[in-house]
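Written out below as structure tokens is the structure these notes cover.
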Amino acid sequence: MSNSQFTIKSQLTFDIFTMLFILLSSIFDLYFNSQYSDYVSLAWWVWIVIMITCHLKFKGINDELSETILSKVNKISIDFIFVAVALIGMFATTPNTSYIFKSVNILGLVITSTLLLLTIFRLLLFIYYDRKGFYN
């Protein structure tokens, strides 16, 4: 495995961990006592420093094939997110299913979970196209 493939895969993996961290901290902040919000804020700052350090370390060492594969994956991901947002909006506003979203907090958790699924989807698509090879 070349260094540039590892770099993009590691960035996409870090994005998954970031979205997982956002989801878990949102759930923690929403459903648990707010006296721990200082710890959640401290964890946020530590994670931001880790993410900035990793992105600066791997910046600019990607090859053209990896960038092309990533752009194709991003195009597919944009289609995925358009459909997901439309479905979430439809379920949130339809009278028969709007009881699911009793509060704005639940809607926020659903959107955050969708973004976590999107980042996992991006990583899996990148791995698939990287192993298959890019022909189009």
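The values are calculated or read from the model by the stated rules, or taken from the named source; none is laboratory data. Please read these numbers as outputs of a predicted model, since none were measured by experiment. Note that each Cβ is placed from the backbone with ideal geometry, even for glycine, and that neighbours are counted across all protein chains shown.
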ask   = Which pairs do you get when a residue that is over 19 Å from residue 111 (Cα atoms), found in segment 7-19, comes within reach of a residue that is outside any helix (DSSP H, G or I) and hydrophobic (A, V, I, L, M, F, W, C), reach meaning Cβ atoms under 7 angstrom, with the pair 6+ apart or on two chains?
value = 7/58; 7/61; 10/58; 11/58
ask   = Take the residues of segment 1-49 that are over 29 Å from residue 103 (Cβ atoms) and not polar (S, T, N, Q): which is modelled with the lowest pLDDT?
value = 1
Any pair with Cβ under 8 angstrom, 6 or more apart, that starts in segment 111-127 at a residue that is in contact (Cβ under 8 Å) with a residue 12 or more places away in the chain and ends at one that is charged (D, E, K, R) and part of a helix (DSSP H, G or I) = 119/15; 122/15; 123/9; 123/15; 126/9; 127/9
message = For segment 71-93, give me each residue that is loosely packed, with under 12 Cβ neighbours inside 10 Å and more than 30 Å from residue 103 (Cα to Cα).
response = 71, 75
task = Among the residues of segment 58-70, write down those that are surrounded by 11 or more Cβ atoms within 10 Å (Cβ to Cβ) and in a helix (DSSP H, G or I).
result = 65, 66, 67, 68, 69, 70
query = Which of the following residues is modelled with pLDDT of 75 or more, within 17 Å of the chain's Cα centre (by Cα) and either of a type outside the set (Lys, Arg) or on the phi > 0 side of the Ramachandran plot (or both): 52, 100?
reply = 52
